[in-house]
Amino acid sequence: MAGGGRETVLESKRVVLRPPRPSDIPHLVRWFSDPEILRLTAETEPMTARSARAFLRKVKKDPDRLWFIIQDKRTGKPVGECGLLRIFRTWRTADLTMIIGKKDYWDTGIRRVDIRLEPAKPPGDNTIYAHGNAFPISGGPTLRKPLAVLAVCVLAAGLLGCTGSPAADRAKNFPLAVLDSAYVPGILLSSGRDIAAPGNAFLALKVRAENRGSSAASLPASGLRVVIDNERYACDMLKRTENDPRFPGQDFGAATVQGKSYTEGWAVFEVPLSTRSVNNGELRFYDSALLGDGAYSRAVFSPASAKRHENLTDRFTVEAKSMLVTYKYGSGDGTVQTPTEGYLFAACDLAITNNGRNSVLLTLTADNIVFVSSDRTEYTRGSWTSSPDKTNPLESQEIRPGGTARGSVIYELPADDAYINKVLLRFSPTETYSYSIPKARIEAEENGAPVAAITSEDSGFIDTDFRFDANASKDPDNDALTFLWDFGDKASSSDTSTEPRTWYKYPEPGTYTVTLKVRDIGGLEATATKNVKVAHYFSLMETGHGRETDPATSHAGDFYVNVTLANMANKTWAVPSSLFKVKTSDGALFDWAGDDGKDPPSLAAGASASWRVYFAVPEGKQPVSVTFDGSLTVLF
């Protein structure tokens, strides 16, 4: 124990316990503003400089508290606080609290300490016992030697580093080795977030973890820590290396290692750039279930000896030897691939040269080779590995130093933006290298427009099949065509067809405009039209009408019409008199009410017949026309 003036200081081999000072306020504020410490201590509000000053005044004046700052004896820096509170003299009890606020000192052997407070002996002695070592609590902040014994006892029990435990012995069964190390400036190529914070860099360590035991064991990467110059950095497994050609092999992930075996992989840490000049580094692996609480395996390495990887931008030369812009691709089996509507295909022959000192694994994905148009729009390759009629597709491959990967890739771009002047080699969403391609030979394969043609009858009759044929349509590029017919029947919603050869029945006579639209695989269209005349299969003539006066007919008083019906079609049709109607001047329709019996049941092709048809039209009504089958009308 050492002291000067009113301040009593308790010392052990590695730490110092001393009363709090105003200079400790920034440390207290930093410790008790950390969300993790607040959660562990159940505090709801972070500490401020004002509340820290109030706290120090309180513990100084409170007779039921005895408070200390834990200070690293080697560095002289505060690392935590401890003390007694709620001192109850009647029962001779108190609570012991100990908080390590500097998180760099976590997981370094700090052990849970079991403090048992026992009644003082002899009775009446104002003393508290801990592990049989007594210290008085009377007299305020004045400390005596028994307290020093307690402090040293607590610290020696494992506050800062305990060795020789069974857990430490277990760690020997899982030794670590650092096989390789490298600093990556600024950016790590990965599938996750990979940009180092300002002033930081990525430190990649190739780790070998061995299992010397006889049973399989899981070695989670979350237990890795790197210690450089006594500062501690967690392994950030979000920063993976599978897309970075500078780190061949796998990442060090959670792996089950069989007994008497090992695993290897890269582990990545984000560290300050200043650590690149430090010689003393240590890799540690913690796992309480595997090694025991507080124990760890370790391997030493020198950060100053780690490789300095060059920027990947200068490692490659990318050349576009030629580029073909086209609206289709055919293959030997007769199949054709076409782009999205409004787009074109662009096939580019690339040569990618590795200028670096190490082999590079080129992995082709849907969007890691990007083409840029003159207006800076980016286009990805899509899902095509190569064009169907290209014999040398660019494939995933290892490119040795000085070697070149050659092959073609294909991608889509809008039909109105076919000029490409850059190619991007993309390893991740945040790591892209740009190469201009001014010497690329760009060819455009023009698409010729098709020609539509309609073959059909010029005229026909209702309710008969009109035959329409589009096979006379042509395409100059011999592209496959699609067809869309519109038969011009506005009274129907189903007067269309997509077949090259089709049929249609018109229900009403008239002149109809038939439209054929053809389209090739490049999206070009052509249209043809043709008028067809549709007639009724009968012609109707009225040869007289009036009121029947002959009582022998049984239709006396009915209105009659003498009709002549001729079959204009080339087939026999039935002639039901019931299809006749008479229309009066007020718009009323009167159905057939009988005939004179001379109506034929049918008419052969080219035949005609005449007879009288009766209608029950009341007196006073003025008939104006007669209609057959709702379409043939004769005005009186």
Give the residue that is modelled with the highest pLDDT, with candidates limited to residues of segment 237-260 that are open to solvent by 40 Å² or more (accessible area, probe 1.4 Å) and either assigned to a strand (DSSP E or B) or among the acidic types (Asp, Glu) (or both). Thr256
Given the criteria out of contact with any Asp or Glu (no Cβ under 7 Å at 6 or more places or on another chain) and at pLDDT 90 or above, does Ala569 qualify? no
So Asp72 passes all but one of these: (1) at pLDDT 60 or above; (2) over 30 Å from Glu231 (Cα atoms). Which condition number does it fail? (2)
The correct count of residues that are crowded, with 19+ Cβ neighbours inside 10 Å, modelled with pLDDT under 90 and in a loop (DSSP other than H, G, I, E, B) in segment 447-476 is 2
Unique match (being open to solvent by 20 Å² or more (accessible area, probe 1.4 Å), acidic (Asp, Glu) and modelled with pLDDT under 85) among Glu210, Glu231, Glu264: Glu231
Check off (1) farther than 19 Å from Thr513 by Cβ; (2) of a type outside the set (Gly, Ala, Ser); (3) modelled with pLDDT of 90 or more for Phe487 and give me the number that stays unchecked. (1)
Pair list, Cβ < 9 Å and 6+ apart or interchain, from segment 392-417 residues that are on the phi > 0 side of the Ramachandran plot to residues that are open to solvent by 20 Å² or more (accessible area, probe 1.4 Å) and of a type in the set (D, E, K, R): Gly407/Asp349; Gly407/Lys390; Gly407/Glu395
Residue by residue through segment 469-494, note down the ones that are over 44 Å from the mean Cα position of the chain (by Cα) and closer than 26 Å to Gly630 by Cβ. Phe487, Gly488, Asp489, Lys490, Ala491, Ser492
Given the criteria among the basic types (Lys, Arg), open to solvent by 50 Å² or more (accessible area, probe 1.4 Å), at pLDDT 85 or above and closer than 30 Å to Glu378 by Cα, does Arg519 qualify? yes
Count of segment 611-632 residues which are more than 27 Å from Gly510 (Cβ to Cβ), of a type outside the set (Lys, Arg) and surrounded by fewer than 18 Cβ atoms within 10 Å (Cβ to Cβ): 6
Whether any residue in segment 290-313 is at pLDDT below 85, part of a strand (DSSP E or B) and in contact with a Cys (Cβ under 6 Å, 6 or more places away or on another chain) is what I want to check. no
Of the residues in segment 575-590, those that are open to solvent by less than 10 Å² (accessible area, probe 1.4 Å) and assigned to a helix (DSSP H, G or I) number 1
Do any helices (runs of 4 or more DSSP H) lying entirely in segment 19-101 carry at least 1 residues that are in contact with a Leu (Cβ under 9 Å, 6 or more places away or on another chain), aliphatic (A, V, I, L, M) and surrounded by 13 or more Cβ atoms within 10 Å (Cβ to Cβ), and which ones are they? 25-31, 49-61
Looking at (1) within 45 Å of the chain's Cα centre (by Cα); (2) touching a residue at least 12 places away in the same chain (Cβ under 8 Å); (3) under 24 Å from Asn230 (Cβ atoms), which is the only condition Leu40 fails? (2)
Take the residues in segment 544-574 that are small (Gly, Ala, Ser) and not in a loop (DSSP other than H, G, I, E, B); name whichever of them is surrounded by the fewest Cβ atoms within 10 Å (Cβ to Cβ). Ala552
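Identify all residues within segment 48-85 that are among the basic types (Lys, Arg) and either farther than 14 Å from Phe32 by Cα or more than 52 Å from the chain's Cα centre (by Cα) (or both); write none if there are none.
Matches in segment 48-85: Arg57, Lys58, Lys60, Lys61, Arg65, Lys73, Arg74, Lys77.
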If we ask which residues in segment 477-496 are open to solvent by 20 Å² or more (accessible area, probe 1.4 Å) and in a strand (DSSP E or B), their number turns out to be 6
Check whether at least one residue in segment 529-543 is among the aliphatic types (A, V, I, L, M), open to solvent by 30 Å² or more (accessible area, probe 1.4 Å), under 23 Å from Ser459 (Cβ atoms) and over 59 Å from the mean Cα position of the chain (by Cα), and report yes or no. yes
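The values are calculated or read from the model by the stated rules, or taken from the named source; none is laboratory data. This is a predicted model, so every value here is computed, not measured. All Cβ positions, even for glycine, are placed from backbone atoms using ideal geometry, and neighbour counts span all protein chains on display. In case anyone asks, the SASA skips ligands and DNA or RNA and just uses the protein heavy atoms, side chains included. Shrake-Rupley method; radii C 1.70, N 1.55, O 1.52, S 1.80 Å.
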